[in-house]
Amino acid sequence: VRVAEVKEPCSLPMLSVDMENKENGSVGVKNSMENGRPPDPADWAVMDVVNYFRTAGFEEQASAFQEQEIDGKSLLLMTRNDVLTGLQLKLGPALKIYEYHVKPLQTKHLKNSSS
C-alpha cells in the first residue's frame, strides 16, 4: 500500500510541473507585453503569432500559422520558401507576410540578440 501511495504523488508533481511551466511562461509574458505579446518574437507562443498576423490584417492567413503550429522560434527560422509554399497561402498575401513581417522580425531579432 505504501508503494502505491508513493507512486501517486510522484505522478502528480510531474503534471503540476508542466502546468507551472505554462503558467510561468504566461506570468513572465504579462510583465512585459507589447500589444498583448512578449516583445521578443522568440518568446511568442503559437497564438501570439496567430494574433500578430490577425492584427496585421491577415485574418484569413493567420489560421495557417496555427494549423502548422508556428510559434515565435519557428517564425524566426522560416525561410522565404517556407512562407510562400509551406503554409499553402495565396502568393500575394504570402509575399507580403514574408517581406513586411517575417523578414523584418528576423532582422530585428538578430540585431537585438547580437547587441
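The values are calculated or read from the model by the stated rules, or taken from the named source; none is laboratory data. Remember, predicted model here, so these are calculated numbers, not experimental data. Because the Cβ atoms are built from the backbone with ideal geometry, glycine has one as well, and the counts that use them run over all protein chains shown.
List of remarks:
- Taking the range 43-96 as the range and being out of contact with any strand residue (DSSP E or B) (no Cβ under 9 Å at 6 or more places or on another chain) and among the acidic types (Asp, Glu) as the test, the residues that pass are GLU59, GLU60, GLU67, GLU69, ASP71, ASP82.
- Restricting attention to the range 48-84, the residues being hydroxyl-bearing (Ser, Thr, Tyr) and over 13 Å from VAL102 (Cβ atoms) number 2.
- Residue list for the range 33-87, filter: among the acidic types (Asp, Glu), closer than 25 Å to ASN112 by Cα, modelled with pLDDT of 95 or more and in contact with a helix residue (DSSP H, G or I) (Cβ under 8 Å, 6 or more places away or on another chain): ASP43, ASP48, GLU69, ASP71
- Conditions (1) surrounded by fewer than 17 Cβ atoms within 10 Å (Cβ to Cβ); (2) under 16 Å from the mean Cα position of the chain (by Cα); (3) in contact (Cβ under 8 Å) with a residue 12 or more places away in the chain: number failed by GLY86: (2)
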